[in-house]
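Notes for the one structure printed next.
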Amino acid sequence: MPWIARSGGRIYYERHGASGPALIVVHGRGGCAASWWQQIPHFAADHRVIALDQRGFARSAWAEDGPHAHAHGDDLLALIDAEGLDRVVLVGQSLGGRACMKLAWQHPERVRGLVLSATPGGLRIPEVLGSQSARRAIPRGIEAPTAALAPAYRASHPEMTLLYEQLRAMSPPQGRAFKASLDSIEDGPTPDDLIDYAVPTMVISGSEDVLYPPPILAAVAARIPGARLAPMAGAGHSPYWEQACAFNSLLREFLVALP
């Protein structure tokens, strides 16, 4: 599998599918490239699918004194350039949405479409900023039931819950500065930054998401020009994992409608 060199380390990524439009999937705080195992085979039949480990996760480890999570967007652009891609569709889950939104906002000519899954994409609006402290207080450690999956899903799918936690545990311990950068959205856009925004965007919201509940993501979709809000009943913070078939159908519909 290929790597790209970046300041302070290197980025691991994978290519799947030989041809077709480019689709890049970007994991969240509890994931890695392998988290997309239910999406990659589905879309690789007619897309060139790229999945990466963001810096600080799984195989893309970084020194604590190196660049932190605010560089995820620049890493993503470097990957696109390294692959010689012109325009891509980005799917960002939770933390991954920040890098994807940043790229769509700052380099719209490189992005055909954007899917924000269970994430505000770092958008700085009162509804998101006001939820920061409460979200940080929710337990996320391996030793606690993960907030990334709906309680009903954890109870009814113990095997899939274990697999989720095993993939989560692939990432190395993260130092204080890196963790602080994961929680900071100081480099995210404001609604004023998006006045001329024209990238087709879909915001997927799980009805049982405790990290970004539906009212927050509804506010996000309302502030992104032209964005479509796509609710997923019964899903928690990881709709791509918990309801893969429904998630894939939504994404397929979005892809087919792109100009």
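Each reported figure results from applying straightforward, stated rules to the coordinates on display, with no laboratory input. This structure is a prediction, so every number in the text was calculated from the model and none was measured. Reconstructed Cβ throughout: ideal geometry from the backbone, glycine too, with neighbour counts over all protein chains shown.
Summing +1 for each Lys or Arg and -1 for each Asp or Glu among the other residues whose beta-carbon sits under 11 angstrom from that of D209 gives -1. Which of these values of Kirkwood radius over Cα pairs in Å was calculated from the structure shown: (i) 20.0; (ii) 18.6; (iii) 18.1? Answer by label: (iii). Each other residue within a Cβ distance under 11 Å of L123 adds +1 if Lys or Arg and -1 if Asp or Glu, for a net charge of +2. Is segment 129-259 best put as rounded, prolate or oblate by its Cα gyration tensor, with a ≥ b ≥ c the root eigenvalues, rounded for a/c under 1.5, and otherwise prolate when a/b is larger than b/c, oblate when not? It comes out oblate by the Cα gyration axes.
Here the chain carries DSSP beta bridges of which approximately 30% are antiparallel, counting only pairs with both residues inside. In plain terms, the chain is cut at each of the GluC sites (Glu not before Pro) found in a DSSP loop with at most 15 other Cβ atoms within 10 Å, and the longest leftover piece is 65-142. Classify segment 25-111 as rounded, prolate or oblate, taking a ≥ b ≥ c as the square roots of the eigenvalues of its Cα gyration tensor: rounded when a/c is under 1.5, otherwise prolate if a/b is larger than b/c and oblate if not. Taking the square roots of the gyration eigenvalues as a ≥ b ≥ c, segment 25-111 is oblate.
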